[in-house]
Amino acid sequence: MISIKTDEEVELMRQSARLAAEVLVMIEPYVKPGVTTQKLNDICHDYIVSHGAYPSPLNYRGFPKSICSSVNDEICHGIPSDRKLRNGDIVNLDITTYMNGFHGDTSRTFFVGSPRKRAKKLVDVCRESLQRGIDKVRPGARLGDIGAAIQEFVEGSGFTVVREFCGHGIGRNFHEEPQVLHFGHPGKGIELQKNMIFTIEPMVNEGKADLRILGDKWTAVTLDGSLSAQFEHTLCVTDDGYEVLTRLNGLTPF
Ligand code: MF3
Ligand code: CO
Ligand code: CO
């Protein structure tokens, strides 16, 4: 069952999603060579808790930390650790907040120090693919329109789309129906309706799309060791389009 939110629920979700977006703005200056992903986790955790919210990943299905941090060939669900970030790394920080009884979910891939040329291209394509998916969102459009737009742009740019993970409905639960695939066919899939709220979160690989899960049972990495990037927004279908609930105008750079 896909839940359609009431206007009151949309307003509560706006607040939770805004906090998640604020965390990504707040953390940016700390993403520098030498910082550990555990330190980034702790700063985000404290910020979320001090704003009256809970970091949704913590203890979610046994996940041990408050954010996900995925470095270089890590696709998603990386676990913060004493790993120090190095100049030229890319790192995705995925923030999910639980506030007022609702979750908000957003992620961004950061450059650590100066990006290599290939990493810059990959991250730019991933960010743009998310926007191309978002641009399809309006009542009457279908989920396949979103997936197809992302897939076409990513593959046309010479990169690949990860298939094992997808966007998702979100609300009182972290992950709700529907699944929002980042590949597909225009005109296929369920029809979007006003006040549906879901994430779009394409994972884009430099090399092949295949992945494996590390022994920690969480971290997904590219099978061929190539780089992977991801961006994520939570959005609401409006009368004539969309509202990105995790975008702070003038502050969020994606
Ligand atoms: N935030 C991720 C998503 O976008 C899910 C993380 S699950 C966790 O759906 F357990 F790893 F936190
Ligand atoms: Co998500
Ligand atoms: Co997320």
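The values are calculated or read from the model by the stated rules, or taken from the named source; none is laboratory data. Model, not experiment: these values are computed from the prediction. Positions of Cβ are generated from backbone atoms using ideal geometry, with glycine treated the same way; all protein chains shown enter the neighbour counts. Just so you know, the surface numbers come from the protein's heavy atoms only, side chains and all, with ligands and any DNA or RNA stripped out. Shrake-Rupley method; radii C 1.70, N 1.55, O 1.52, S 1.80 Å.
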(message) Considering only residues that are under 21 Å from F174 (Cβ atoms) and open to solvent by 20 Å² or more (accessible area, probe 1.4 Å), which ones fall in the range 212-227?
(response) I213, D216, K217, W218
(request) Hey, could you check the range 99-113 for residues that are of a type in the set (S, T, N, Q) and more than 10 Å from ligand 3 (Cβ to nearest atom) and say which is surrounded by the most Cβ atoms within 10 Å (Cβ to Cβ)? (result) T109
(request) Quick one: T252 ticks every box in (1) open to solvent by less than 10 Å² (accessible area, probe 1.4 Å); (2) within 14 Å of the chain's Cα centre (by Cα); (3) among the polar types (S, T, N, Q) except a single one, so which number is it? (result) (1)
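With within 18 Å of M1 (Cα to Cα) and of a type in the set (V, I, T) as the only criterion, which of V221, V137, V161, V180 stands out?
Testing whether each residue is within 18 Å of M1 (Cα to Cα) and of a type in the set (V, I, T) leaves just V180.
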(request) Determine whether Y47 is more than 16 Å from ligand 1 (Cβ to nearest atom) and of a type in the set (S, T, Y). (result) yes
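Suppose we filter the range 142-190 for residues that are within 17 Å of Y242 (Cα to Cα) and of a type in the set (A, V, I, L, M, F, W, C); how many remain?
Taking the range 142-190 and keeping what is within 17 Å of Y242 (Cα to Cα), we get 142-147, 149-150, 167-171, 178, 180, 190.
Okay, now just the ones that are also of a type in the set (A, V, I, L, M, F, W, C), so 143, 146, 149-150, 170, 180, 190.
The total comes to 7.
Here is a check on your reading of the model: is T96 in contact with a Cys (Cβ under 7 Å, 6 or more places away or on another chain) and either buried (at least 19 other Cβ atoms within 10 Å of the Cβ) or under 29 Å from Y54 (Cβ atoms) (or both)? Explain how you work it out, then say what you get.
On the way: in contact with a Cys (Cβ under 7 Å, 6 or more places away or on another chain): no; either buried (at least 19 other Cβ atoms within 10 Å of the Cβ) or under 29 Å from Y54 (Cβ atoms) (or both): yes.
No, not satisfied.
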(request) Might you check whether a residue that is over 22 Å from R163 (Cβ atoms), within 14 Å of ligand 1 (Cβ to nearest atom) and either touching a Pro at 6+ places or on another chain (Cβ under 8 Å) or modelled with pLDDT of 95 or more (or both) occurs anywhere in the range 104-112? (result) yes
(request) Any residue in the range 123-148 that's under 13 Å from M196 (Cβ atoms): show its pairings with residues that are among the aliphatic types (A, V, I, L, M) and surrounded by fewer than 18 Cβ atoms within 10 Å (Cβ to Cβ) at Cβ separation under 9 Å, as long as the two are six or more apart or on different chains. (result) R142/I190; L143/I190
(message) Of the conditions (1) within 16 Å of ligand 2 (Cβ to nearest atom); (2) among the β-branched types (V, I, T); (3) out of contact with any helix residue (DSSP H, G or I) (no Cβ under 7 Å at 6 or more places or on another chain), V112 satisfies every one except a single condition; which number is it?
(response) (1)
